[in-house]
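Heads up, the thing below is written out as structure tokens.
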Amino acid sequence: MRRWFDEYLGAFAACGRGESDTSSLLAYYGVPLLVTTDDGFFALTTDDRVVAMVERQVEGMRAAAYDRTETLDSQLAILNRNSAVYRATFSRRRRDDSEIGRLTATYLITDGQLGLRISVLAVHGR
């Protein structure tokens, strides 16, 4: 599961650098996708809504000259044969190694008909 999540981070970084289209991330996100942040709770029930949410993040990353994400801390807890919780703190970095920002998020990763997918994304408050 960690290997799969590292693949996801690589795909997300490629989108942040403008090397991939954000729709490619649908290979990692479940639909529906439940998202909770300080701004609210959202149930994204279509591919288009998931892509739109990711696109907003990616646009901000590109505007900040994003290069990569470093995982500062992470924990994986297997819940059962079909799901796990992954919690991590990330540092988003520019090419010059300066930090854009940090965030901590918790992901519910599920294994369904389409394989592993992020079904819940919970961004921790600041």
Worksheet entry | Which listed residue, of GLU19, GLU7, is open to solvent by 60 Å² or more (accessible area, probe 1.4 Å) and assigned to a loop (DSSP other than H, G, I, E, B) | GLU19
Worksheet item: Applying the selection to segment 68-126, what residues are within 16 Å of THR37 (Cα to Cα), part of a loop (DSSP other than H, G, I, E, B) and open to solvent by less than 60 Å² (accessible area, probe 1.4 Å)?
Response: GLY125
Discussion item. So, in segment 43-67, how many residues would count as being outside any helix (DSSP H, G or I) and either surrounded by fewer than 16 Cβ atoms within 10 Å (Cβ to Cβ) or hydroxyl-bearing (Ser, Thr, Tyr) (or both)?
Written reply: 6
Worksheet item: In segment 2-21, which residue that is touching a residue at least 12 places away in the same chain (Cβ under 8 Å) and small (Gly, Ala, Ser) is farthest from ARG94 (Cα to Cα)?
Response: ALA11
Worksheet item: Counting only residues that are charged (D, E, K, R) and closer than 20 Å to ARG117 by Cβ, how many does segment 65-86 have?
Response: 1
Fill in: Residues of segment 41-62 satisfying the condition of being small (Gly, Ala, Ser) and either modelled with pLDDT under 95 or touching a helix residue (DSSP H, G or I) at 6+ places or on another chain (Cβ under 6 Å) (or both)
GLY60
Worksheet item: In segment 67-126, how many are farther than 24 Å from GLU19 by Cα, more than 13 Å from the chain's Cα centre (by Cα) and among the hydroxyl-bearing types (Ser, Thr, Tyr)?
Response: 3
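The values are calculated or read from the model by the stated rules, or taken from the named source; none is laboratory data. Bear in mind the structure is a predicted one, so any value in this text is a computation, not a measurement. Every residue, glycine among them, receives a Cβ derived from its backbone with ideal geometry; neighbour counts consider all protein chains shown. Each accessible area value is taken on the protein alone, full model and side chains, heavy atoms only, with ligands, DNA and RNA left out. Shrake-Rupley method; radii C 1.70, N 1.55, O 1.52, S 1.80 Å.
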